[in-house]
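One structure below.
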Amino acid sequence: LKTALRNIFRHRIYVIVNILGLAVGFACSLLIFLFVIHELGFDKFNEKYDRIYRLYLVGKFGESEIKGAWTAAPTARAMMQEFPEVETACRMTSWDETMVQVGENKYIESDLALADSSFFDIFTMPLVSGNPKKALTMPNSVVLTRSQAIKYFGNGEALGQHLRIGTDTNLYTVTGVMEEVPENSHFNFKVLISFVTHPRAQEDFWLSNSFATYVLLKEGASLESVQDKMPGIVKKYVGPQVETTLGLDLQTFVETGNRYGLYLQPLSDVHLNPEIGSDFKQPNDRKYIFVFSGVALLILIVAGINYMNLSTARSARRAREVGLRKVMGSTRGLLIRQFMIESLILTFIALAIA
């Protein structure tokens, strides 16, 4: 170790160039790998992550084709009634940019969403104050994130306070304050409103698809079993309404080139599947994960090759040192160890700088 440090201090210019080259390579690769880890970690903060699924519609109506996480208002209720495998279900939708009034203060907000009261049973979003079982059960109830509660009410108690949203003349009551929605969640909101507030919450029309529906399967439930039964739901609920609205039965509707199919998408697939549309965060393409990972590895390989080239360029200078060591009784193994220790010291310094 003493000899390695002595050599490093003796050849400062070479060492600085080598360390900087490695450090830049390490830094670029680390940044890329952090991005990749972040992308692959979306929604994994949810404790029931592996049992959460989002429904999506694959449909064709005339010339219009749809493939997105948009379902009808009664879908969640039907899933709980028809499938013993489903523990609970939740509807969600985003709210367009609107004005929120707190007392005399008015704010233009864009991070608003609506959700059923079962939201907190499915997703791991802890409440700082309020009862998660009751927070979203009543119309005109609202849950704020901690930062939004401070924005509206300062450091005072937000629970039980009132505010106005949009053009609604009714006051909304704050029934809960929650932690911030994690950055690696596929949806984002700061104000969460009870879904029963929505004028279409009690709608029983299956041909209008506007809401996201999430289901939580029971432990040990088979996804394939649920998916196999989905056509039966379409036939039972959608069929009669197609016949009433369009004047033809579901089979004729399909035979004329139309489609209406409901499918379950694992939560792990939501952020990295751009083929399925959504009203929340736009998903990224999974192929970029492989592209960026390949770039990171390539940068590491190039940095390693540069390091080896510089080391090889110095080999002639160190030939005399190696010869003298052999004369003094050094073995091949000891020489290898000596050079390895020097390389490891340089590498760890470069990693620390990166």
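Of note:
- Listed residues G239, L300, L334: farthest to the positive end of the dipole of the range 204-354 (Cβ charges): L334
- Rounded to the nearest 20 debye, dipole of the range 184-236 from Cβ charges on Lys, Arg, Asp, Glu: 100 debye
- Seen from P266, the other residues with C-beta closer than 9 Å to its C-beta sum to a net charge of -1, counting Lys and Arg as +1 and Asp and Glu as -1.
- Positive-end ranking of F195, G160, S185 along the dipole of the range 143-211, with charges on Cβ about the Cα centre, is headed by G160.
- Taking 15 Å as the cut-off, the amide N atoms of the range 281-296 that come nearer than this to a point 7 Å along the Cα-to-beta-carbon line of N184 belong to 284, 289.
- In the assembled protein chains, D116 presents an accessible area of approximately 20 Å² (probe radius 1.4 Å).
- When both bridge partners sit in the chain, DSSP labels roughly 80% of those beta bridges antiparallel.
- Shape of the range 18-87, Cα gyration tensor, a/c cut at 1.5: oblate
- Förster-model FRET efficiency, 35 Å R0, K2 and V24, C-beta, rounded to 0.05: 0.75
- Per residue, in Å², the accessible surface of the range 81-143 once ligands and nucleic acids are set aside, probe 1.4 Å: 45 Å²
- With 0.36 nm allotted per residue and the present C-alpha distance subtracted, the S293-I353 stretch has 19.4 nm of extension available.
- Distance between modelled label sites at D204 and E82, nm, 7 Å Cα→Cβ extension: 1.5 nm
- Spatial separation of Cα centroids for the range 122-169 and the range 1-31, in angstrom: 54 Å
- Span from the the range 259-338 Cα centroid across to the the range 197-225 one, whole angstrom: 43 Å
- E157 - accessible surface, heavy atoms, 1.4 Å probe, Å² rounded to 10: 110 Å²
- The distance between label points at V254 and R317 comes to 7.7 nm (points 7 Å beyond Cα on the Cα→Cβ vector).
- The range 30-144 shape via C-alpha gyration tensor axes, a/c threshold 1.5: rounded
- Spin-label model, R332 to D96: label points 7 Å out along the Cα-to-beta-carbon direction sit 7.7 nm apart.
- Solvent-accessible area of the chain (1.4 angstrom probe, protein heavy atoms only): carbon and sulfur portion equals 59 percent.
- Among V242, V215, V177, the largest mean-square fluctuation in a Gaussian network model of the chain (Cα springs under 10 Å) belongs to V242.
- Mean residue ellipticity (222 nm) of the chain, computed from DSSP H runs ≥ 4 via -39,500 (n - 2.57), nearest 500: -13500 deg cm²/dmol
- The charge dipole of the chain, taken about the Cα centre with unit charges on the Cβ atoms of Lys, Arg (+1) and Asp, Glu (-1), comes to about 3020 debye, rounded to the nearest 20.
- Set against the labelled values (1) 226; (2) 131; (3) 165, volume of the Cα convex hull per residue in Å³ computed from this structure falls on (1).
- When the residues V15, V302, V327 are ordered by accessible surface, computed with a 1.4 Å probe over the protein chains alone, the sequence from largest down reads V327, V302, V15.
- To the nearest 10, the accessible area of V86 is 10 Å² with a 1.4 Å probe.
- Of all the options S129, S222, S194, the one that moves most in a Gaussian network model of the chain with Cα springs shorter than 10 angstrom is S222.
- Taking a point 7 Å from the Cα of L223 along the Cα-to-Cβ direction, the residues of the range 56-76 with backbone N closer than 14 Å to it are 56.
- Accessible-area rank, largest first, for T169, T175: T169, T175, with all protein chains present and a 1.4 angstrom probe.
- Residue among G333, G68, G176 with the largest mean-square fluctuation in a Gaussian network model of the chain, springs linking Cα atoms under 10 Å: G333
- Cα gyration tensor category, rounded, prolate or oblate, for the range 98-198 with a/c compared to 1.5: rounded
- Candidate residues M92, M80: accessible-area rank, largest first, probe 1.4 Å: M80, M92
- Size of electric dipole in the range 222-348: Cβ of Lys, Arg +1 and of Asp, Glu -1, about Cα centre, debye, nearest 20: 1580 debye
The values are calculated or read from the model by the stated rules, or taken from the named source; none is laboratory data. Model, not experiment: these values are computed from the prediction. We place every Cβ from the backbone using ideal geometry, glycine too, and count neighbours over all the protein chains shown. Accessible surface areas use protein heavy atoms only, side chains included; no ligands, DNA or RNA. Shrake-Rupley method; radii C 1.70, N 1.55, O 1.52, S 1.80 Å.
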